[in-house]
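To keep things clear, I will list the structure first and then write my remarks on it.
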Amino acid sequence: MEWETVIGLEIHAQLATRSKIFSGASTAYGAEPNTQACLVDLGMPGVLPVLNEGAVRMAIKFGLAINAQIAPRSVFARKNYFYPDLPKGYQISQFELPVVGHGQVTIDLEDGQRKVIGVTRAHLEEDAGKSLHEDFHGMTGIDLNRAGTPLLEIVSEPDMRSAKEAVAYMKKIHALVRYLEICDGNMQEGSFRCDANVSVRPKGQHAFGTRAEIKNINSFRFVERAINYEVERQIDVLEGGGKVVQETRLYDPDKGETRSMRGKEDSHDYRYFPDPDLLPLEIAADTIEAVRATLPELPDAKRSRFVDHYGLPEYDATVLTASRELADYFEAVAKACGEAKLAANWVMGELSGALNKAGLEITESPVSSDALSGLLARIIDKTISGKIAKEVFEAMWNGEGDADRVIEQKGLRQITDSSAIEAAIDAVIAANPTQLEQYRGGKDKLFGFFVGQVMKATQGKANPAQLNELLKQKLDG
Amino acid sequence: MKELHQQSVAELAAGLARGDFSSVELTEALLARIAQHDDRLNSYISVTAERALEQARAADSARAAGQAGPLTGVPLAHKDIFCTRGIRTSCGSKMLDTFISPYDATVVERLDRAGMVMLGKTNMDEFAMGSSNETSFYGPVRNPWDTETVPGGSSGGSAAAVAARLAPIATGTDTGGSIRQPAALCGITGLKPTYGVVSRYGMIAFASSLDQAGPMGRSAEDCALLLGAMAGFDERDSTSLDRPVDDYTATLETPLDGLRIGLPQEFFGDGLDGEVARVIDEAVAELRRLGAEPVEISLPNTALAVPTYYVVAPAECSSNLSRFDGVRFGHRCDAPRDLEDLYKRSRGEGFGAEVKRRIMIGTYALSSGYYDAYYLKAQKLRRLISDDFRAAFAQCDVIAGPTAPTPAFRLGEKADDPVTMYLSDIYTIAVNLAGLPALSMPAGFSQGLPVGLQLIGNYFSEARLLGVAHRYQQATDWHTRSPDGF
């Protein structure tokens, strides 16, 4: 039987506010345990939550970016369950009335097609703390620094049909929240993570199959692997005559498998009800407009502009707009050097290659956009050839100074003096009478041999176009 | 000069201002009375003598430096539901018997800043759940008018302490009548303000949408003085209202001429003790003599108030009390085997029977499959009850009636019958569901026990209620009576 996979994602994006969603404590990552947990975060008797307006603005920003309805009135609800890293015994979240309603994003598929993925809703909630199971000898340590950190939970429609689509969607949301500067997107620190709801059904069947929820996946690679494993597991179960059970599963990246965490019968009854400590969140139309005015150019619009304005191919525009920082870098280089395609080639080629190899982000590049455009300017004004430029780039990457300095120090300036090139050509021709005879006898291919010899004699610095022209004259003359 | 403990807050403030006595002398006198009499009442859980004397000395210095405010140096007692930094804040529960609060409630902070002197923390029903002060981990409070009877609850300690002159005034909290009912049973004046007038920050939550703090004193004037210092917007409480604080003392003398007093027929029917009814009738007659005009009104959904309340309040408390899990503070069982054991035994040992009963009712009411039938239905009824009051206030300015159906009942009389106990709040509960202000003041006696008259006002009419009560108290002397033997 042919099976169809159905995937929906719940993405948790940690909002980049300085303080927590319901208290004034700092959200900075990596502090000593429990040093960034105030009375409110500790759930002390008598304390009360006060909503962080910055978190609300960020949620609105996201909603506008996915063309969603911003709820004029939304409600915070308590999700009740006991866990040691949940200080109050309930999490403040939104349940029936979320702040962001239905919206959508467009993803790019590998075959060049695009697909619209629906976003059911996005709501604000607080994160829990962390339970530390190591180093406590049979006990559990609790770190409440993370408790109360604002999260935006972004719930998709079950619109994805493969792990690759799920990853493309997740990457799209990742790019979006970073463009909007509402989340740092740091997956290792848990600032961006997701739960995947996965089911399979016979191709052509309308009804969904029974789903399993895979919890807390914190990398694109793991999302793809976890979903692929889970899909195969479910198909195996079904083809073996069994039934998929509704359950929560965990992905184990070491073993590359998912395993059951709790079944439906053990699922919590969260006893949601409106939090009486917080008034309904009312958002005025002018607040929404004020936030709209702060929206940056979004990835899709930027990509179109790169195609229209710079004449870049779709592919280049897509790659270069994957992150706001990369796009900004490209644009700075393109503007400074005036040749967008050349800039695109270098940013996507030499630069990205070097960054990948070194494991660096674009923002950490040792070669700044100014420095790179300085190098490209020397290609454009023919001071150096593209080939020599790669050598210069490597020296710049290694901290040997800007392009002009490297060119000067290494003596890489291109030879454009015709008489110098002619002299070199004459010497080569004189030294290779046999090849000259063969060439003149019709062996055209030997032209390349002469180019190589002249380049060798000039240490690669002869201007290639001039060399070609002069060599042709001499050989044919 | 009246003995210090017999003086009202207004009188004490004047005496301190004139220099008739110092705050230290006053505080010492009251601490001595507490030491002498409180064994018979158990109205205090903690007496904070050292801190009180320290605050009194500071108050006297402030006065000497010309920096005294109207309440500087006046002692008071706080219900043990308010967090007090460095001092045990027990909420009447074993769960918090060892809990030393790391911070002050807003109410405590404001009254400290006003220069008031905290004598101690008063006894209360466990987590404010009770109407007789018998659910306290620290034992029942006794009513100073008859120590075989209850003082009411949950602010029974505050009411008994003020009635027995062991504190000039005290703070209380009222979720379903917890200020007004003990005020009535102990013969004092107590006001529950409009929801949101006094900050809830640092007040240990029972039912967040109903809880409201207020003053419990000997007179309306004293309550007006204390409320003025307690009230006001607090950015730490999202449900606190951002509006200027009224001057509650400025309008105390407003005559009652033409004041329409609504008498809800539902407050005078079955279940009301005959003697209590007689006292209330006489009080209404007195108000009429003072110029008020009684009008018959109806609050048709009154009978729904108790059942509605006993869904809403337990639902909220079941969630509010989840934080008492033995993990970070409060009672933790010995040698827990695992997490579940830690939860079960810590909570099982730390909470008393009434608290557990309400947690279970609330958990049930919020459970999937029951939520609509209970919690949502209760929210709808809550709206109907509010609508009753809205309609009533189109016909009258203030509603009057009994605070409680009976005077103080005997200790143990209703302890094993929760529903009968719950019905002792039948006249007070609807007010919390609607978020309205209401007060109770002494209006006479039934067989030697005080009877309270309840006045309910429209939103933000605290000043009006206090004014009506003040005029009544100027014409009567019920509020000046104090129990024999104290």
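The values are calculated or read from the model by the stated rules, or taken from the named source; none is laboratory data. If you're wondering where the values come from, they're calculated on a predicted model, not measured in any experiment. Don't worry about glycine lacking a Cβ; one is built from the backbone with ideal geometry, like all the others, and counts go over all protein chains shown. Please note that ligands, DNA and RNA were not included when accessible areas were found on the heavy atoms of the full protein model with its side chains. Shrake-Rupley method; radii C 1.70, N 1.55, O 1.52, S 1.80 Å.
Structure data summary
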| item | result |
| --- | --- |
| Local electrostatic count, A:Lys443, Cβ distance below 14 Å [Lys/Arg +1, Asp/Glu -1] | -1 |
| Magnitude of the charge dipole, the protein assembly as shown, Cβ model with Lys/Arg +1 and Asp/Glu -1, debye to 20 | 1200 |
| Rounded to 10°, Cα long-axis angle of helix A:163-179 versus longest principal axis of chain A | 90 |
| Scattering profile of the stretch B:145-269 at q = 0.09, 0.18, 0.21, 0.22 Å⁻¹ [log10 I(q)/I(0), Debye over alpha-carbon scatterers] | -0.28, -1.04, -1.22, -1.26 |
| Probe 1.4 Å, accessible area per residue of the protein assembly as shown, Å² | 40 |
| Simple label model, 7 Å out from Cα along Cβ direction - B:Arg57 to B:Lys377, nm | 6.1 |
| Principal axes of the protein assembly as shown: Cα extent on each, largest first, Å | 139, 77, 59 |
| For the stretch A:1-141, size of Cβ-based charge dipole, Lys and Arg +1, Asp and Glu -1, in debye | 740 |
| Inter-probe distance in nm under a simple model that places probes 7 Å from Cα toward Cβ, at B:Asp341 and A:Gln473 | 9.8 |
| P(r), alpha carbons of the stretch A:161-250 - 5 Å bins starting at zero, rounded % | 3, 13, 22, 22, 16, 11, 7, 5, 1, 0 |
| Length gained when the stretch A:Arg18-A:Arg413 is fully extended (0.36 nm per residue, less Cα-Cα span) | 137.1 nm |
| Structure-based [θ]222 nm, chain A - -39500 (n - 2.57) summed over DSSP H runs of at least 4, per residue, nearest 500 | -12000 deg cm²/dmol |
| The stretch B:317-446: proportion of alpha-carbon pairs further apart than 26 angstrom, % | 46 |
| Residue-by-residue Karplus 3J(HN,Hα) for the stretch B:150-155, coefficients 6.51, -1.76, 1.60, Hz, glycine and proline x | 7, x, x, x, 8, 7 |
| Charge sum, other residues only, whose C-beta stays under 15 Å from A:Ser26's C-beta, Lys/Arg counted +1 and Asp/Glu -1 | -4 |
| Convex hull projection area averaged over all views, chain A, Cα basis, nm² | 32.2 |
| Computed E for A:Met1/A:Gln188 - FRET, C-beta separation, R0 41 angstrom, nearest 0.05 | 0.55 |
| Shape parameters for the stretch A:59-126, alpha-carbon atoms, Rg then Dmax in Å | 15.8, 49 |
| Cα-based Kirkwood hydrodynamic radius, chain B, one decimal, Å | 22.1 |
| Sulfur and carbon atoms: percent of accessible area, chain B [1.4 Å] | 51 |
| Globularity ratio of the stretch B:294-385, using Cα Rg and 2.2 N^0.38 Å | 1.43 |
| Calculated SAXS-style log₁₀ I(q)/I(0) at q = 0.19, 0.25, 0.31 Å⁻¹ - the stretch A:421-468, Debye, Cα scatterers | -0.56, -0.91, -1.20 |
| Cα-derived Rg to Rh of the stretch A:264-408, Kirkwood definition | 1.25 |
| Unit Cα scatterers, Debye sum, the stretch B:414-472: log10 I(q)/I(0) for q = 0.13, 0.24, 0.29 Å⁻¹ | -0.45, -1.01, -1.12 |
| Whole-Hz ³J(HN,Hα) from phi, Karplus 6.51 cos²θ - 1.76 cosθ + 1.60, for the stretch B:281-287, glycine and proline x | 4, 5, 5, 5, 4, 5, 4 |
| Folded to 0 to 90 degrees: helix A:324-337 orientation relative to chain A principal axis, Cα | 20 |
| Degrees separating the helix A:464-476 axis from the principal Cα axis of chain A, which is the longest one | 30 |
| Hull volume in cubic angstrom per residue (convex hull over the Cα atoms of the stretch A:284-329) | 80 |
| Using a Förster distance of 51 Å, the FRET efficiency for A:Arg262-B:Asp387 (Cβ separation, nearest 0.05) | 0.70 |
| As computed over the stretch B:1-92, the Cα convex hull volume per residue (Å³) | 105 |
| Distribution of pairwise C-alpha distances over the stretch A:185-229, 5 Å bins, in % | 5, 21, 24, 18, 15, 9, 5, 4, 0 |
| Delta accessible area of at least 10 Å² on complex formation, residues of the stretch A:262-280, 1.4 Å probe, chain isolated as reference | A:Asp269, A:Arg271, A:Tyr272, A:Phe273, A:Pro274, A:Pro276, A:Asp277, A:Leu279 |
| Rounded FRET efficiency, nearest 0.05, which uses the C-beta distance separating B:Ala35 from A:Arg73 and R0 of 41 Å | 0.15 |
| Alpha-carbon spread of the stretch B:247-304, three principal axes, descending order, Å | 38, 24, 19 |
| Interface residues, the stretch A:27-42 - accessible area loss of 40 Å² or more versus chain alone, probe 1.4 Å | A:Leu39 |
| Spherically averaged projected area of the stretch A:13-162 from its Cα convex hull (nm²) | 11.4 |
| Solvent exposure, largest accessible area first (probe 1.4 Å, DNA, RNA and ligands not counted), of B:Lys377, B:Lys79, A:Lys357 | A:Lys357, B:Lys377, B:Lys79 |
| Table column - 3J(HN,Hα) (Hz), the stretch B:299-304, Karplus curve with 6.51, -1.76, 1.60, x for Gly and Pro | 10, x, 9, 3, 5, 8 |
| DSSP-defined antiparallel bridges as percent of all bridges, chain B, nearest 5 | 70 |
